[in-house]
1. I'd like to check something: does segment 205-218 contain any residue that is more than 30 Å from residue 291 (Cα to Cα) and loosely packed, with under 11 Cβ neighbours inside 10 Å?
2. Just for segment 41-62: of the residues that are in contact with an Asp or Glu (Cβ under 7 Å, 6 or more places away or on another chain) and open to solvent by 50 Å² or more (accessible area, probe 1.4 Å), which one is modelled with the lowest pLDDT?
3. Check segment 6-24 and report whether any residue there is hydrophobic (A, V, I, L, M, F, W, C), over 29 Å from residue 193 (Cα atoms) and open to solvent by 80 Å² or more (accessible area, probe 1.4 Å).
4. Need the failing condition index for residue 71 against (1) aromatic (Phe, Trp, Tyr); (2) open to solvent by less than 70 Å² (accessible area, probe 1.4 Å); (3) assigned to a strand (DSSP E or B), just the number.
5. Looking at segment 203-242 only, could you name the residues that are part of a loop (DSSP other than H, G, I, E, B) and closer than 19 Å to residue 271 by Cβ?
6. Does segment 279-287 contain any residue that is open to solvent by 40 Å² or more (accessible area, probe 1.4 Å), assigned to a loop (DSSP other than H, G, I, E, B) and of a type in the set (A, V, I, L, M)?
7. Would you be able to say whether some residue in segment 252-269 is in a strand (DSSP E or B) and open to solvent by less than 50 Å² (accessible area, probe 1.4 Å)?
8. Need at least 3 residues that are more than 18 Å from residue 84 (Cβ to Cβ) and either touching a Cys at 6+ places or on another chain (Cβ under 7 Å) or of a type in the set (D, E, K, R) (or both) per element, so show me which strands (runs of 3 or more DSSP E) inside segment 1-56 make the cut, counting only ones lying wholly within it.
Amino acid sequence: MSEKKVKNYCATCDGLTNHHVVGIHSEDSDPYHYHCRTEHAVVKCCGCETVSFRKAFHDFENVFQISEDEWDYDLSVEVYPKKPKGRLDVSGAPDPVQNIYGETCSAFSDGSYTLAGIGFRATIEAICNDQGITGKELSTRINNLAAKGLISKKDSVRLHSIRFLGNDAAHDIKKPTVASLEAALAIIEHLLTTIYLIDQETKGKLEEVINEYGKFEALLLKKLNGFSQADELPLQGFFGGDARLLTGSTRAFEKQLIVEIGKKNFKRLSVGKKIKLHNSGEELQHFVVMAP
């Protein structure tokens, strides 16, 4: 193996590392026509030993001064495999979303920028489809993502920017800039993280606000195991410190609970008395524990 070493991008190390030059083939141009050299080399990372291909173009005619007595020339390098774009693990997302995200990142990595612009727009469409977001136009669907509470208003503004970029690429065949695609990738990965990844990564690790009646009822049943038949308390009394998890929804859950008790769908409680709160006209509904 040649002892020659070069600085080269390593996809495994994800950075610039020292590489051994395993083999090299050089082609020199006719110096009377244009003085340059193209080198094709197989290189191996000195750290992880990943092998890659390196193409270097030495432009000896495009020189520039780097100090009083030193000059250098333009050197452009292409490395294969190229540095990948988008390394977010989206295995928790549905297949259509995973596929379009992966294909879009591959197009971006390979320099197919127009296709990448279309792909980022299509990724938003795929997420809307998965989440059941309706609307004839993507603009409406993006607004409905925010209306449904899946993203913030600020996030929706960002997604509209990707819609513009994708529309320009698809309808006007306008090639996006690398900077605009990098920005779009950051926004898309934030969207994927918000909708699919954060809940998966934090599930069971943090307390969550209860905003669905089914979850409220399940927790209530669990809490009732600590009470005796004929105990009569307001909902807050049964939940104790966990009443904070019902923030903003206690009245709605209480109303639905009374309906379910009336239908005999919830049999562990019966509707009890109402007691006026001190110095207030408000009444606090109580419930009576029934036999299991």
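The values are calculated or read from the model by the stated rules, or taken from the named source; none is laboratory data. Just so it is clear, the structure is predicted and the values come from calculations on it, not from any experiment. Glycine also receives a Cβ, built like all others from the backbone with ideal geometry; neighbour counts cover every protein chain displayed. The area values use the complete protein model at the heavy-atom level, side chains included, leaving out ligands, DNA and RNA. Shrake-Rupley method; radii C 1.70, N 1.55, O 1.52, S 1.80 Å.
1. Checking segment 205-218: at least one residue is more than 30 Å from residue 291 (Cα to Cα) and loosely packed, with under 11 Cβ neighbours inside 10 Å.
2. 62
3. Residues of segment 6-24 that are hydrophobic (A, V, I, L, M, F, W, C), as a first pass: 6, 10-11, 13, 16, 21-22, 24.
Applying the additional criterion that residues be over 29 Å from residue 193 (Cα atoms) yields 6, 21-22, 24.
Within this subset, residues satisfying the condition of being open to solvent by 80 Å² or more (accessible area, probe 1.4 Å) are 24.
Within segment 6-24, one or more residues are hydrophobic (A, V, I, L, M, F, W, C), over 29 Å from residue 193 (Cα atoms) and open to solvent by 80 Å² or more (accessible area, probe 1.4 Å).
4. The single condition residue 71 does not satisfy is (2).
5. Matches in segment 203-242: 227, 228, 229, 230, 231.
6. Initially, segment 279-287 is screened for residues open to solvent by 40 Å² or more (accessible area, probe 1.4 Å), giving 279-284.
The next check asks that each one be assigned to a loop (DSSP other than H, G, I, E, B); those that pass are 279-282.
Next cut, of a type in the set (A, V, I, L, M) only: none.
Looking through segment 279-287, none of the residues is open to solvent by 40 Å² or more (accessible area, probe 1.4 Å), assigned to a loop (DSSP other than H, G, I, E, B) and of a type in the set (A, V, I, L, M).
7. Yes, segment 252-269 contains a residue that is in a strand (DSSP E or B) and open to solvent by less than 50 Å² (accessible area, probe 1.4 Å).
8. The strands (runs of 3 or more DSSP E) meeting that bar are 15-28, 36-45.
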